[in-house]
Amino acid sequence: MEPVHPPPDQDLLLLTQVAGGDHAAFTSYYQRVSGPLYSMALRMLNGNEQEARDALQEGMEEIWRKAPTFDPARSSPFTWSVMIFRSRLVDRVRRLASRGRVMEEVAKEPEPVADEHHALQALTRREDCTLVRRVLAALKSEQQDLLNLAFFSGHTQQEIAERTGRPLGTVKTTIRRALMELKDRLIREGYEA
């Protein structure tokens with residue numbers, strides 16, 4: 001079934017209202033474009049529904065933020081939205097591919113072992129790392145991304161907010177919830193600090 005595209009002037013009116021901060025207009029615009037954008041995400045993410053849903057949310061947030069930059073002389077609202085969304089989606093695909101390669105390399109890395117005591121410590125450390133990686137991978141991709149920026153890249157929460165374009169309060173809340181969920185999942189897996 002072909003997606004039904006609304007009259008272009010109605011989209012233009014909605015996107016103009018979105019640029020002015022109109023939440024109701026954004027809800028209407030979301031309903032108009034989310035179906036085709038979700039389908040695009042699903043295709044580019046090899047059918048991964050959770051990643052496609054997360055990509056849709058992230059992409060629509062970007063459309064909300066960038067709505068004031070829309071120029072009707074350069075493209076239609078739908079085409080502009082697809083370009084904005086696709087750009088974020090390509091970034092997500094690259095991040096996922098990069099994360100996968102890093103995890104493969106870490107798993108291949110042998111640990112030097114000097115004696116039985118060190119061998120037992122190395123095995124325990126490797127099992128802990130495997131458990132943490134598995135539990136971390138079960139979090140939402142937004143949570144994973146923010147935790148990676150905070151703890152593996154060493155960015156402050158303010159820097160993360162500036163880098164991602166999210167409000168500082170949202171960054172703090174997302175990181176706090178991600179850490180609580182990570183802790184809960186580790187406890188359920190039987191991990192003891």
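Each reported figure results from applying straightforward, stated rules to the coordinates on display, with no laboratory input. In this text the structure is predicted, and so the values were computed from the model without any measurement. Using ideal geometry, Cβ is built from the backbone for each residue, glycine included, and neighbour counts are taken over all protein chains shown.
Which of D71, D22 has the fewest other C-beta atoms within 10 Å, and how do the rest follow up to the most?
Ranking D71, D22 by Cβ neighbours within 10 Å, fewest first, gives D71, D22.
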What does the extension gain come out to for S39 and T69, with contour length at 0.36 nm per residue minus their alpha carbon separation? 8.3 nm
How high is the FRET efficiency from Q31 to R95, r the C-beta distance, R0 30 Å, rounded to 0.05? 0.60
Normalise the Cα radius of gyration of the range 8-93 by 2.2 N^0.38 Å (N = residues in it) and let me know the number. 1.03
Between beta-carbons, use under 9 Å as the cut-off and find the net charge around L149, counting Lys and Arg +1, Asp and Glu -1. -1
For each of F85, F70, count neighbouring Cβ atoms within 10 Å of the residue's Cβ, then give the residues from fewest to most. F70, F85
Segment N46-T79, extension gain: residue separation times 0.36 nm, minus the distance between their alpha carbons: 9.6 nm
For the residue pair R188 and R163, what label-to-label distance in nm results when each label sits 7 Å from Cα along the Cα-to-beta-carbon direction? 2.8 nm
Taking K and R as +1 and D and E as -1, what net charge do the other residues with C-beta under 12 Å from the C-beta of A178 add up to? +2
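So, with +1 on the Cβ of K and R and -1 on the Cβ of D and E, and no other charges, what is the size of the charge dipole of the range 8-93 about its Cα centre, to the nearest 20 debye?
Working: 9 positive and 11 negative charges, 34 e Å.
Approximately 160 debye in magnitude.
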